[in-house]
């Protein structure tokens with residue numbers, strides 16, 4: 001059996017030989033951005049490359065038209081490592097979150113490892129999972145719910161960032177609801193007493209949430225927007241819709257905050273003699289569970305490639321990787337693709353993915369991702385430690 005260094009060297013040579021191809025692929029995705037759930041050409045091109053490299057591919061996958069599961073086995077189904085690939089863009093600004101770049105990292109890390117592990121004598125199953133719509137409903141949520149990641153020794157991807165890199169990525173859990181207040185129309189001047197203003201219900205709801213913010217736990221976030229009010233100035237409005245997102249760093253805190261929002265809605269409806277109902281407008285995103293063993297591994301390997309990690313930055317938004325972290329050991333290291341301090345979800349960051357600096361980070365990130373996965377295949381003790389950390393973190397949520 002070949003040793004780990006030999007296998008890694010083969011993977012790195014594969015990546016170096018395709019550096020220009022990788023940059024071109026990432027740039028093509030940037031120039032042809034596809035929104036969440038509409039990534040038909042992006043996913044097709046990825047699947048085409050994986051099939052051409054001998055992966056067994058299911059596409060579409062999990063009932064999602066733009067998702068895929070690519071597998072390559074080497075003598076056994078275990079250990080199993082899943083590399084997650086994102087490739088959806090944002091409205092208006094395109095790939096302002098860098099999915100073109102780190103989606104390409106995932107694809108080529110899988111291709112490189114698939115080539116390097118062949119004939120190496122190292123056993124296991126490599127999976128490249130196409131996970132669309134991270135900026136929307138989050139395909140990983142459905143996949144996690146349906147057991148796609150159950151039993152995996154590690155699920156991993158690298159996410160693009162700016163100025164800072166980190167191994168201990170955290171994300172806030174997220175609940176998103178549309179609240180609909182229903183009232184009764186009436187003439188605003190002639191008989192306003194006959195009306196019940198849905199707009200008043202929504203406005204009071206907003207004010208109640210402002211008061212709720214005083215009592216939120218550290219790290220929680222609450223943001224809302226009235227998206228619809230029916231009627232006209234001379235008509236008491238009978239319908240108003242308010243969109244709310246509640247976020248928290250821990251599951252129990254998110255449950256507590258969400259129940260507080262529900263109380264605000266019910267109270268506002270009672271006070272304004274209206275009715276209120278609510279429904280989710282997006283999937284439920286879990287907080288990312290920590291996995292110290294996997295995060296230590298990622299930080300050590302990133303350091304080997306000259307990447308210094310920032311520690312303890314805290315949650316930065318929400319991600320459906322959190323849902324995966326409740327089903328198996330899962331991490332999402334952040335890699336700076338530029339030294340500039342740019343905000344994600346901006347045109348400036350989208351442009352940074354297509355620079356020489358971004359292309360260099362693409363090659364480095366692909367090597368880091370391949371090295372992380374290879375170590376998991378090769379180190380049984382590490383796999384036990386990651387599984388232990390996963391089970392410990394999961395118990396703390398119960």
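The values are calculated or read from the model by the stated rules, or taken from the named source; none is laboratory data. Small disclaimer: the values here were computed from a predicted structure and weren't measured. Note that we place each Cβ from the backbone using ideal geometry, even for glycine, and neighbour counts take in every protein chain shown.
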Problem set entry | Total residues in the range 283-319, condition more than 22 Å from residue 368 (Cβ to Cβ), in contact with a helix residue (DSSP H, G or I) (Cβ under 9 Å, 6 or more places away or on another chain) and in a loop (DSSP other than H, G, I, E, B) | 4
Exercise. Of all residues in the range 1-25, how many are buried (at least 17 other Cβ atoms within 10 Å of the Cβ) and outside any helix (DSSP H, G or I)?
Worked result: 1
Seminar exercise, completed: When residue 28 is run through (1) outside any loop (DSSP other than H, G, I, E, B); (2) out of contact with any helix residue (DSSP H, G or I) (no Cβ under 9 Å at 6 or more places or on another chain); (3) surrounded by 14 or more Cβ atoms within 10 Å (Cβ to Cβ), the failure sits at (2)
For this session: Collect the residues in the range 260-318 that are exposed (fewer than 15 other Cβ atoms within 10 Å of the Cβ), on the phi < 0 side of the Ramachandran plot and within 19 Å of the chain's Cα centre (by Cα), keeping them in residue-number order.
Result: 280, 281, 313
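Any residue that is over 18 Å from the mean Cα position of the chain (by Cα), in a helix (DSSP H, G or I) and either buried (at least 16 other Cβ atoms within 10 Å of the Cβ) or not assigned by TED's automatic domain parsing to the domain that holds residue 358 (or both) - is there at least one of those in the range 172-193?
To start, the set of residues in the range 172-193 that are over 18 Å from the mean Cα position of the chain (by Cα) comprises 177-193.
Narrowing further to those that are in a helix (DSSP H, G or I): 192-193.
Now restrict to residues that are either buried (at least 16 other Cβ atoms within 10 Å of the Cβ) or not assigned by TED's automatic domain parsing to the domain that holds residue 358 (or both): 192-193.
Within the range 172-193, one or more residues are over 18 Å from the mean Cα position of the chain (by Cα), in a helix (DSSP H, G or I) and either buried (at least 16 other Cβ atoms within 10 Å of the Cβ) or not assigned by TED's automatic domain parsing to the domain that holds residue 358 (or both).
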Seminar exercise, completed: Across the range 31-58, the tally of residues that are in contact with a helix residue (DSSP H, G or I) (Cβ under 6 Å, 6 or more places away or on another chain), under 14 Å from residue 110 (Cβ atoms) and in a loop (DSSP other than H, G, I, E, B) stands at 1
Seminar exercise, completed: Subset of the range 194-222, residues surrounded by 16 or more Cβ atoms within 10 Å (Cβ to Cβ) and part of a loop (DSSP other than H, G, I, E, B), comes to 195, 197, 216, 220
Exercise. For the range 54-64, does any single residue satisfy the condition of being over 29 Å from residue 375 (Cα atoms) and without any contact (Cβ under 8 Å) to a residue 60 or more places away in the chain?
Worked result: yes
For this session: List every residue pair whose Cβ atoms lie under 8 Å apart, where the two residues are 6 or more positions apart in sequence or sit on different chains, the first residue falls within the range 270-286 and is within 13 Å of residue 200 (Cβ to Cβ), and the second residue, located anywhere, is part of a loop (DSSP other than H, G, I, E, B) and modelled with pLDDT of 95 or more.
Result: 272/183; 272/197; 273/183; 274/183; 274/197; 275/183
For this session: Inspect the range 196-219 for any residue being on the phi > 0 side of the Ramachandran plot and either touching a strand residue (DSSP E or B) at 6+ places or on another chain (Cβ under 9 Å) or not assigned by TED's automatic domain parsing to the domain that holds residue 338 (or both) and give the result as yes or no.
Result: yes
Exercise. When the residues of the range 89-137 are filtered to those that are assigned to a loop (DSSP other than H, G, I, E, B) and touching a helix residue (DSSP H, G or I) at 6+ places or on another chain (Cβ under 6 Å), which remaining residue is farthest from residue 174 (Cα to Cα)?
Worked result: 120
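Return yes when residue 243 is within 23 Å of residue 320 (Cβ to Cβ), part of a strand (DSSP E or B), at pLDDT 95 or above and touching a helix residue (DSSP H, G or I) at 6+ places or on another chain (Cβ under 8 Å) and no when it is not. Steps first, please.
Working: within 23 Å of residue 320 (Cβ to Cβ): yes; part of a strand (DSSP E or B): yes; at pLDDT 95 or above: yes; touching a helix residue (DSSP H, G or I) at 6+ places or on another chain (Cβ under 8 Å): no.
Criteria not met by residue 243.
Quick check: is even one residue across the range 231-245 surrounded by fewer than 16 Cβ atoms within 10 Å (Cβ to Cβ), in the same structural domain as residue 266 (by TED's automatic domain parsing) and without any contact (Cβ under 8 Å) to a residue 40 or more places away in the chain? Reasoning before the result, please.
Step one: filter the range 231-245 for residues surrounded by fewer than 16 Cβ atoms within 10 Å (Cβ to Cβ), giving 232-235.
Remaining after also requiring in the same structural domain as residue 266 (by TED's automatic domain parsing): 232-235.
Among the residues that remain, those that are also without any contact (Cβ under 8 Å) to a residue 40 or more places away in the chain are: 232.
The answer is yes; a qualifying residue exists.
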